[in-house]
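Step one of this worksheet: look at the structure below.
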Amino acid sequence: MKKLIIDGNSLTLEKIDFFLKENSTVVLSKESKANVIKARKQIEKWVESDEVIYGVTTGFGEFANVKISKEHIEELQVNLIRSHAAGVGEPLPPHIVKIMMLLRANALAKGFSGIRLSTLQLLIDMMNNNIIPVIPSQGSVGSSGDLAPLSHLVLAMIGEGKVQIIPDINSPEAADAKVQGAKSVLKKFGLTPAKLTAKEGLSLNNGTQMMTAFASYVCIKSRELAKISDIAAALSHEALRGTDKAYDLRLHKLRPYKGQINTAQNMLNMIKGSEIRKSHLKNDNRVQDSYSLRCVPQIHGASKDAVNFICSQVEIELNSANDNPLIFPDDGDHLEGGNFHGQPVALPLDFMKIALAELANVSERRTERLVNGSLSMLPRFLTEKGGLNSGLMIAQYTAAALVSENKTLAHPASVDSIPTSANQEDHNSMGSIAARHCYQILKNAQKVIAIELLTAAQGAEFLKPLKCGKGTSVAYSIIRKKIKPIKRDRILYTQLDKAIELVESGEILREVEKEITLK
């Protein structure tokens, strides 16, 4: 079985993608084990000497000034988890929870949290046995980290929560796995529930792992979707018989944004050798196309640059220690601070919402041009017998509804804050809300771009026997393997579902990249 070694310092988005796809076994590095043990010894030393340490020998939040005696330290940690497991709403998607588990384990592996090695190993063992805690999606304000969601995770570790056994996290049936009591499931796998002691509850529930799990997944998928957007735009360009002058690299080198240049190159590579383009090259009376075609490099490119920036920020968080207090065993010191605050993740997530919403916005505009006979020079709504058949009329409605929903979701969550804990925690990031909205925008954008692919392929039917270009021919062919040309009205949602699967699975991207490399 494939392994993923974690050390708190070297986790990447690529490794998370590998972890999800390959169901890899997670292993702590030798150095991490030594660091975890060293920090734990320091905690035990302080407990023995009765030193005042926030959350170890004191209460939490507004109760930070309440001293806790030695005999109540274990009770304190269990009470923390029980009281903070106050989430509500639909459960988080299982793949997001599994990333959460990986990210929390990686943060603890840095060796600055003071957790026992055995407790950390239980978290890893649960992952490796595909025991996935059931975690409500609502209740986090994004500081002190994602307290409620992580507390539900820890509740499963102590045998008091709910879990699902999901061997294949990527299967459509994953979310429908049977919900069971954690205690009985742990016993089934020969695992003993954790008995939390000093600092351990706080080490486990104090961090940004819910919002960062969403951010990681969205980053992975957004990199793919940005390229798929170029595929969709190129196929629309073919069907609409656009001019390629606006993609000339001489133009883009005068405004040298990386995303813009890469997108222009992608568009040229996709339509290279196109018989459709060649057929109207000499008699092309249009000086320039509409923005949704002409400005693809500028619009898609800006979103790509945003995605790359956001991914770089998220990768910093992947390898950060973000609980409180943090333990410095080499210095014999502990520091109470605010590394749990979600603002460094919340702001990039809000930016990602905008970047993805824009990819969907411009995609819907191209779909509108394709179905609008006044703009496309194609049959209205891409059907031969308009009136008797409605063609793809309502597919554009669906895209319009999704992009409109995205506009409401794209409002930045991080500009809001509500004080908590009797105003001790008086500025919160709302990063978890940004994360959930960002995830929904990603899903909506995937659907909008799938609709464009379906519509552009239908538009190309009316230009036969002329063939598309090097890359667009591949895109057209993979669509046609799943979806036949629409000759007369048929149930449309089944066709949309097939197109959406091509996008969500990345199949269309993989097939196109066998022929050309997209940037």
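The values are calculated or read from the model by the stated rules, or taken from the named source; none is laboratory data. Every value quoted in this text rests on a predicted model; they were computed, and no experiment measured them. Methodologically, a virtual Cβ is constructed for each residue, glycine included, from the backbone with ideal geometry; neighbour enumeration extends over all protein chains shown.
Remarks
- Residue count for the range 23-43 under the criterion of being within 15 Å of Ala105 (Cα to Cα), polar (S, T, N, Q) and outside any helix (DSSP H, G or I): the result is 3.
- Within the range 413-442, the set of residues being within 22 Å of the chain's Cα centre (by Cα), among the hydroxyl-bearing types (Ser, Thr, Tyr) and surrounded by fewer than 23 Cβ atoms within 10 Å (Cβ to Cβ) comprises just one member, Ser414.
- Residue within the range 466-480 that is part of a helix (DSSP H, G or I), under 30 Å from Glu511 (Cα atoms), charged (D, E, K, R) and free of Cβ contacts under 8 Å to residues at least 40 places away in the same chain present: yes
- Leading residue by the ranking (farthest from Asn23 (Cα to Cα)) among those in the range 125-160 that are more than 22 Å from the chain's Cα centre (by Cα) and surrounded by fewer than 21 Cβ atoms within 10 Å (Cβ to Cβ): Glu160
- Taking the listed residues Leu92, Leu80, the one that is touching a Gly at 6+ places or on another chain (Cβ under 6 Å) and of a type in the set (A, V, I, L, M) is Leu80, with no other qualifying.
- Output for the range 7-54, where each listed residue is among the hydroxyl-bearing types (Ser, Thr, Tyr) and over 14 Å from Ile327 (Cβ atoms): Ser10, Thr12, Ser24, Thr25, Ser29, Ser32, Ser49
- Residue satisfying condition, being part of a loop (DSSP other than H, G, I, E, B), farther than 30 Å from Gly207 by Cβ and in contact (Cβ under 8 Å) with a residue 40 or more places away in the chain, within set Gln288, Gln265: Gln288
- Taken residue by residue, the range 286-308 has no member that is among the polar types (S, T, N, Q), more than 30 Å from Gln396 (Cα to Cα), at pLDDT 95 or above and surrounded by fewer than 24 Cβ atoms within 10 Å (Cβ to Cβ).
- The residues of the range 1-40 that are of a type in the set (A, V, I, L, M, F, W, C), more than 27 Å from Asp168 (Cα to Cα) and surrounded by 19 or more Cβ atoms within 10 Å (Cβ to Cβ), listed by number, are Val36, Ala39.
- Considering Ser429, Ser404, Ser417, the condition of being outside any helix (DSSP H, G or I), out of contact with any helix residue (DSSP H, G or I) (no Cβ under 8 Å at 6 or more places or on another chain) and among the small types (Gly, Ala, Ser) is satisfied by Ser417 alone.
- Ile228 vs. criteria of a type in the set (Val, Ile, Thr), under 30 Å from Ser137 (Cα atoms), assigned by TED's automatic domain parsing to the domain that holds Ala450 and not in a loop (DSSP other than H, G, I, E, B): yes
- Annotation: Gly139 fulfils all but one of (1) closer than 17 Å to Asn206 by Cβ; (2) modelled with pLDDT of 95 or more; the unmet one is (2).
- Inter-residue pairs, beta-carbon under 6 Å, first within 10 Å of Gly242 (Cβ to Cβ) and in the range 270-281, second of a type in the set (A, V, I, L, M), 6+ apart: Ile271/Ala234; Ile276/Leu463; Ile276/Leu466; Arg277/Ile271
- Residue list for the range 1-58, filter: touching a His at 6+ places or on another chain (Cβ under 9 Å) and either in contact (Cβ under 8 Å) with a residue 60 or more places away in the chain or on the phi > 0 side of the Ramachandran plot (or both): Leu20, Gln42, Ile43, Trp46, Ile53, Tyr54, Val56
- For the range 118-134, a residue qualifies if it is over 18 Å from Lys195 (Cα atoms) and part of a helix (DSSP H, G or I), and the qualifying residues are Met127, Asn128.
- Top-ranked residue in the range 443-453 [being buried (at least 24 other Cβ atoms within 10 Å of the Cβ) and out of contact with any Asp or Glu (no Cβ under 7 Å at 6 or more places or on another chain); ranked as nearest to Ile354 (Cα to Cα)]: Ala445
- Val66 vs. criteria modelled with pLDDT under 95 and assigned by TED's automatic domain parsing to the domain that holds Ala198: yes
- Residue match in the range 162-175 (condition: modelled with pLDDT of 95 or more, in a loop (DSSP other than H, G, I, E, B), outside the structural domain of Gly431 (by TED's automatic domain parsing) and among the small types (Gly, Ala, Ser)): no
- Condition check for Ala410: over 13 Å from the mean Cα position of the chain (by Cα), in contact (Cβ under 8 Å) with a residue 12 or more places away in the chain, assigned by TED's automatic domain parsing to the domain that holds Asp497 and buried (at least 16 other Cβ atoms within 10 Å of the Cβ): yes
- In the condition set (1) more than 28 Å from the chain's Cα centre (by Cα); (2) farther than 18 Å from Thr383 by Cα, Phe462 is compliant with all but (2).
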